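The values are calculated or read from the model by the stated rules, or taken from the named source; none is laboratory data. This structure is a prediction, so every number in the text was calculated from the model and none was measured. For neighbour counting, all protein chains shown are included, and Cβ atoms are generated from backbone atoms with ideal geometry for every residue, glycine included. Calculation scope for accessible area: heavy atoms of the full protein, side chains included, ligands and nucleic acids excluded. Shrake-Rupley method; radii C 1.70, N 1.55, O 1.52, S 1.80 Å.
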Amino acid sequence: MIINKLLEQGCNNEEAVCVVNEILENLNRYDIELECIEDFFGDFNITFDLIELEELFSDFGNLENKIKEELEEYCMNFGLCIHCGCNSFVESIINQSIICENCGRIRE
């Protein structure tokens, strides 16, 4: 839901993935209260209609996991790096894994 909102607002894949990662980082850093969730997302220029807010509120305690799952699913479906959103990977001979050419992290 959040990635789709960002894409609707004109973000490209890389920007959307980076914003979602920033949202997750801020959710971890601050204990966001239910009352201020709309303002929290507003800081990222993401607005929700009433039905979408109700969906977010329905499982507020699990919000971080829902966002992570959405990010992972989106990136997997489109072959994107979950850390930076790019789609350029190389095989590392040293550790026999696939790494992102942009951020250097191992593909999950």
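Among the residues of the stretch 28-84, how many are over 16 Å from the mean Cα position of the chain (by Cα), surrounded by 12 or more Cβ atoms within 10 Å (Cβ to Cβ) and of a type in the set (D, E, K, R)?
Of the residues in that region, 3 qualify.
Within the stretch 1-45, count every residue that is modelled with pLDDT under 75 and assigned to a loop (DSSP other than H, G, I, E, B). Can you show your working first?
Taking the stretch 1-45 and keeping what is modelled with pLDDT under 75, we get 28-35.
So of that shortlist, the ones also assigned to a loop (DSSP other than H, G, I, E, B) come out as 30-33.
Qualifying residue count, the stretch 1-45: 4.
Among residues belonging to the stretch 85-108 that are touching a residue at least 12 places away in the same chain (Cβ under 8 Å) and among the acidic types (D, E), point out the one that is most open to solvent (accessible area, probe 1.4 Å).
Within the stretch 85-108, the match that is most open to solvent (accessible area, probe 1.4 Å) is E108.
If you take the residues of the stretch 6-18 that are open to solvent by less than 30 Å² (accessible area, probe 1.4 Å) and not small (G, A, S), which of them is nearest to G42 (Cα to Cα)?
Step one: filter the stretch 6-18 for residues open to solvent by less than 30 Å² (accessible area, probe 1.4 Å), giving 6, 16-17.
Those left that are additionally not small (G, A, S): 6, 17.
On the way: L6: 12, V17: 17 Å.
It comes out as L6.
Residue-wise test of (1) among the small types (G, A, S); (2) in contact with a strand residue (DSSP E or B) (Cβ under 9 Å, 6 or more places away or on another chain); (3) closer than 22 Å to N12 by Cβ; (4) assigned to a helix (DSSP H, G or I).
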{"site": "T47", "(1), (2), (3), (4)": "no, no, yes, no"}
{"site": "G61", "(1), (2), (3), (4)": "yes, no, no, yes"}
{"site": "K66", "(1), (2), (3), (4)": "no, no, no, yes"}
{"site": "E72", "(1), (2), (3), (4)": "no, no, yes, yes"}
{"site": "M76", "(1), (2), (3), (4)": "no, no, yes, yes"}
{"site": "L80", "(1), (2), (3), (4)": "no, no, yes, no"}
{"site": "C84", "(1), (2), (3), (4)": "no, yes, yes, no"}
{"site": "E91", "(1), (2), (3), (4)": "no, yes, no, no"}
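For I51, all conditions in the list (1) of a type in the set (A, V, I, L, M); (2) part of a helix (DSSP H, G or I); (3) modelled with pLDDT of 85 or more hold save one; what is the number of the exception?
(3)
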